[in-house]
Amino acid sequence: MKAIPARTYILIMTALVLIGGGFYIFTELGEDVLENEKFMIDQQAADFADSIATPGVTTFFAWVTELGSVWALSLGSLIMIAVLWYFYNRKKWRIIYFIIAMGGITILITGLKAAFGRDRPNILEQYDGTGYSFPSGHSTGPIVFYGFIMYLIIRSRMNKLGKWIINVALGILILLIAFSRLPLGVHYFTDVIGGLSLGLTWLVTCIAILEITLWRSGLKKKKEL
């Protein structure tokens with residue numbers, strides 16, 4: 001154990017905090033949703049969204065929200081698999097865990113929406129505002145998809161400035177997609193927060209298991225040498 005650097009312990013603790021914190025937030029919100037609780041923050045967020053929902057703002061967020069749609073993430077996932085296959089010299093574990101991350105979150109969103117059965121504030125098909133509301137799929141899916149890309153960038157050989165620029169941009173994009181659902185009127189604020197917390201929990205869990213798998217694979221290769 002002494003050979004493990006302190007940085008590794010810090011990363012492990014950070015991962016545990018993120019997983020535990022995200023799970024706690026989601027379960028707390030989910031419990032209240034099941035009990036049909038009304039959230040003051042939902043009304044406050046809706047009022048604010050209405051106050052800024054000019055035609056220009058609505059058009060902007062209509063474009064942004066498409067980047068978190070099922071078709072966009074499905075197409076993006078296929079492209080990512082091809083990129084991983086090419087640039088990572090066919091290293092299987094990154095491809096496998098990316099598929100697990102995206103496939104798993106799709107199953108989770110579908111199942112949890114049906115389980116909670118929360119009605120949307122508005123049904124607007126043009127903004128993918130159909131079906132049940134909690135948790136927001138446009139919050140959950142993008143944080144897993146774009147978050148996994150952020151992880152791969154951190155693990156890449158790109159220079160630090162490039163990593164910062166791209167990952168900050170992706171982080172902002174994740175938040176914009178999630179909160180685009182409010183001015184478009186198809187989700188409650190608690191749907192968005194629930195989606196982000198669930199997505200973060202699943203993303204960090206998948207990355208943590210991937211890192212453990214890569215570490216064990218590295219040890220196995222060293223023993224074979």
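The values are calculated or read from the model by the stated rules, or taken from the named source; none is laboratory data. Because the structure is a prediction, the values reported are computed rather than measured. Cβ sites come from the backbone with ideal geometry, for glycine too, and all protein chains shown count toward neighbours. Areas reflect the complete protein model, heavy atoms only, side chains present, ligands, DNA and RNA absent. Shrake-Rupley method; radii C 1.70, N 1.55, O 1.52, S 1.80 Å.
Is it fair to say residue 214 is open to solvent by 30 Å² or more (accessible area, probe 1.4 Å) and under 26 Å from residue 13 (Cβ atoms)? Here the answer is yes, as residue 214 does meet what is asked.
Condition check ((1) within 30 Å of residue 49 (Cβ to Cβ); (2) within 15 Å of the chain's Cα centre (by Cα); (3) assigned to a helix (DSSP H, G or I)) across all residues:
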residue: 165; (1), (2), (3): yes, no, yes
residue: 178; (1), (2), (3): yes, yes, yes
residue: 186; (1), (2), (3): yes, no, no
residue: 201; (1), (2), (3): yes, yes, yes
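Only one of the numbered conditions (1) open to solvent by 60 Å² or more (accessible area, probe 1.4 Å); (2) modelled with pLDDT of 95 or more; (3) of a type outside the set (Lys, Arg) is violated by residue 171, and that is (1). With the condition kept exactly as written, say whether any residue in the range 38-46 is out of contact with any Pro (no Cβ under 8 Å at 6 or more places or on another chain), among the aliphatic types (A, V, I, L, M), open to solvent by 30 Å² or more (accessible area, probe 1.4 Å) and more than 23 Å from residue 141 (Cβ to Cβ). Yes: one or more hits. Regarding residue 119, is this residue of a type in the set (Asp, Glu) and either over 20 Å from residue 175 (Cβ atoms) or not in a helix (DSSP H, G or I) (or both)? Taking the combined requirement at face value, the residue satisfies it.
I'm trying to understand the selection: among the residues of the range 40-93, which are part of a loop (DSSP other than H, G, I, E, B) and either over 20 Å from residue 105 (Cβ atoms) or touching a helix residue (DSSP H, G or I) at 6+ places or on another chain (Cβ under 7 Å) (or both)?
Passing the criteria: 53, 54, 67, 68, 88, 89, 90, 91.
Looking only at residues that are β-branched (Val, Ile, Thr) and over 16 Å from the mean Cα position of the chain (by Cα) in the range 112-141, which one is most open to solvent (accessible area, probe 1.4 Å)? The residue in question is 123. Note on the range 52-111: residues that are open to solvent by 80 Å² or more (accessible area, probe 1.4 Å), of a type in the set (Ser, Thr, Tyr) and modelled with pLDDT under 90 amount to 1.
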